[in-house]
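**Student:** There's a structure below that I have some questions on.
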Amino acid sequence: MTDDAQQAESYYFTHEPPPKDLGTNTTLAREFIHRHADEGRRVVLVTSGGTTVPLETQTVRYIDNFSAGTRGATSAEYFLQNGYAVIFLHRQFSLLPYSRHYSHNTRSFLDYMKEEDGRVVVDEQHQEEMLRVLRQYAEVKRENKLLILSYVTITEYLWNLREVAKLMRPLGPKAIFYLAAAVSDFFVPQDRMVEHKIQSNEEFLQGAADAGNSNAKTPAARTEGRSLVIDLEPVPKFLQSLVDGWAPEAMIVSFKLETDPSMLVKKAQYSLNKYSHHLVIGNLLLTRKWEVVFVSALDGEKWIRVPHGRRTKSFTGVPALVGSADLSARQDGLDAGESEKRVLQGEPALEIESVIVPEIREMHSILIEKARKRAGGQ
Ligand code: 9Z3
């Protein structure tokens, strides 16, 4: 790791205090990791959901992002189906594996049920699907293969990631980091955060508790006249620390989110070159449920797309943009989704994570085998 990255990391973690439940989380994670390591199982840490950036210590206001945690929660299920034990580090109240099928919907989970002879039963039309989900969930619980941890703020996320990553070291190459959480690039450092709620009324400008100390730095979020001014600082690039320091033997999969199609592959490639990890999965905000691009040293650039007739529904997605970031498809004048349309119309919807995860499993097997050969001196 470069000295600069190391310094930035140690500055961050000495100045930003750890979350209160970090000790509980690491105790749970240590036990979970050791058990699965002893059983020779592969373990994946899936991060999921957004991160908040609090503006006040007693937080009333914060900056947030769009992520609901669909990618992470869905991927966790497919990792479990593919034989992995999963540590699911998610933003509190974002989607969870299995229960995601019945939460955060326009319909309430109560709409799936009815009363029959004084008992609650699931509606006939939902029986089959709910039984399938319930059986998978019960098996995962019985076999203790899913550990659920949560965070809220960017700092809580980073502390948990660092500590869990270090605990995963004994897994060697059998560990994967699957970084699907939408992590804020900017934040308010502790020493520039005001204690109390920022006042909006000019008659009640910031109170004595915040204004008294003449050595204090200018608050990152403050009122100037009638405006709220926020100047955030960059979050150190933790991916460098993860790859070089916290988890040097693990497979690392990061995600790159863009909105401009012309930037996506370039930025994913840039990230792979910069951090020299194993895989960057690029996705566009408006097509992320239907296509992603894998950028890796093993396979170069590779698009994964759900055929047109099998796409899941999305209120915010824009089908016409599928293929827009794929230069080779555009040059060939081909909408990759359109080409499969006739064949697959009428088939059930396919979640893109059900394709992503087995691909990763295969790459992981290759990396484990390489590590085994290296260790054996072959
Ligand atoms: C992603 O790109 C995820 O796929 C999404 C999933 C956040 C788009 P949803 O939760 O959305 O299913 O609604 N995650 C990573 C985004 C990110 O913050 N990446 C960073 C970067 O691009 C750091 S690895 O620099």
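The values are calculated or read from the model by the stated rules, or taken from the named source; none is laboratory data. Not measured: the values here are computed from a predicted model. Because the Cβ atoms are built from the backbone with ideal geometry, glycine has one as well, and the counts that use them run over all protein chains shown.
**Student:** Restricting attention to the stretch 60-86, which residues are surrounded by fewer than 23 Cβ atoms within 10 Å (Cβ to Cβ), outside any strand (DSSP E or B) and in contact (Cβ under 8 Å) with a residue 40 or more places away in the chain? Spell out the reasoning first.
**Tutor:** Pass one, the stretch 60-86, residues surrounded by fewer than 23 Cβ atoms within 10 Å (Cβ to Cβ): 60-68, 70, 78, 81-83.
If we keep only those that are outside any strand (DSSP E or B) too, we end up with 60-61, 64-68, 70, 78, 81-83.
Of everything in the stretch 60-86, those that are surrounded by fewer than 23 Cβ atoms within 10 Å (Cβ to Cβ), outside any strand (DSSP E or B) and in contact (Cβ under 8 Å) with a residue 40 or more places away in the chain turn out to be Val60, Arg61, Asn65, Phe66, Ser67, Thr70, Tyr78, Gln81, Asn82, Gly83.
**Student:** While we're on this one: Considering every residue within the stretch 29-50, establish whether at least one is within 16 Å of the ligand (Cβ to nearest atom) and among the polar types (S, T, N, Q). Spell out how you get there, then give the answer.
**Tutor:** As a first pass, look at the stretch 29-50 and keep what is within 16 Å of the ligand (Cβ to nearest atom): 44-50.
Filter again for among the polar types (S, T, N, Q), leaving 47-48.
The answer is yes, given that some residue of the stretch 29-50 is within 16 Å of the ligand (Cβ to nearest atom) and among the polar types (S, T, N, Q).
**Student:** Further question on the same structure: All but one of (1) of a type in the set (D, E, K, R); (2) within 14 Å of the ligand (Cβ to nearest atom); (3) under 25 Å from Arg374 (Cβ atoms) hold for Asp244; which doesn't?
**Tutor:** Among (1) of a type in the set (D, E, K, R); (2) within 14 Å of the ligand (Cβ to nearest atom); (3) under 25 Å from Arg374 (Cβ atoms), Asp244 violates only (2).
**Student:** Would you pick out the residues in the stretch 283-318 that are part of a strand (DSSP E or B) and polar (S, T, N, Q)? Explain how you work it out, then say what you get.
**Tutor:** Initial filter on the stretch 283-318 (part of a strand (DSSP E or B)): 283-284, 291-296, 300-305.
Those that are part of a strand (DSSP E or B) and polar (S, T, N, Q): Asn283, Ser296.
**Student:** If you go through the stretch 137-152 one residue at a time, do you hit one that is closer than 30 Å to Glu56 by Cβ, of a type in the set (Ser, Thr, Tyr) and surrounded by 21 or more Cβ atoms within 10 Å (Cβ to Cβ)?
**Tutor:** Step one: of the stretch 137-152, the residues closer than 30 Å to Glu56 by Cβ are 148-152.
Those still in the list that are of a type in the set (Ser, Thr, Tyr) too: 150-151.
Among the residues that remain, those that are also surrounded by 21 or more Cβ atoms within 10 Å (Cβ to Cβ) are: 151.
So far as the stretch 137-152 goes, yes, one or more of its residues are closer than 30 Å to Glu56 by Cβ, of a type in the set (Ser, Thr, Tyr) and surrounded by 21 or more Cβ atoms within 10 Å (Cβ to Cβ).
Every residue, every condition in (1) surrounded by fewer than 20 Cβ atoms within 10 Å (Cβ to Cβ); (2) modelled with pLDDT under 95; (3) outside any loop (DSSP other than H, G, I, E, B); (4) of a type in the set (D, E, K, R), yes or no:
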{"site": "Pro18", "(1), (2), (3), (4)": "yes, no, no, no"}
{"site": "Gly23", "(1), (2), (3), (4)": "yes, no, yes, no"}
{"site": "Thr27", "(1), (2), (3), (4)": "yes, no, yes, no"}
{"site": "Glu31", "(1), (2), (3), (4)": "yes, no, yes, yes"}
{"site": "His34", "(1), (2), (3), (4)": "yes, no, yes, no"}
{"site": "Gly40", "(1), (2), (3), (4)": "yes, no, no, no"}
{"site": "Val44", "(1), (2), (3), (4)": "no, no, yes, no"}
{"site": "Thr47", "(1), (2), (3), (4)": "no, no, yes, no"}
{"site": "Gln58", "(1), (2), (3), (4)": "yes, no, no, no"}
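**Student:** Another question, if that's okay. Return the residues of the stretch 344-362 that are modelled with pLDDT of 95 or more and farther than 16 Å from Val43 by Cβ; say none if nothing qualifies. Step through it out loud before you land on a result.
**Tutor:** Residues of the stretch 344-362 modelled with pLDDT of 95 or more: 350-362.
Across the stretch 344-362, the qualifying residues are Leu350, Glu351, Ile352, Glu353, Ser354, Val355, Ile356, Pro358, Glu359, Glu362.
**Student:** Here's something else I'd like to know. Check off (1) surrounded by 12 or more Cβ atoms within 10 Å (Cβ to Cβ); (2) at pLDDT below 95; (3) among the basic types (Lys, Arg) for Arg107 and give me the number that stays unchecked.
**Tutor:** (1)
**Student:** Would you point out the residue of the stretch 270-295, among those that are more than 12 Å from the ligand (Cβ to nearest atom) and surrounded by fewer than 18 Cβ atoms within 10 Å (Cβ to Cβ), that is nearest to Val357 (Cα to Cα)?
**Tutor:** Ser276
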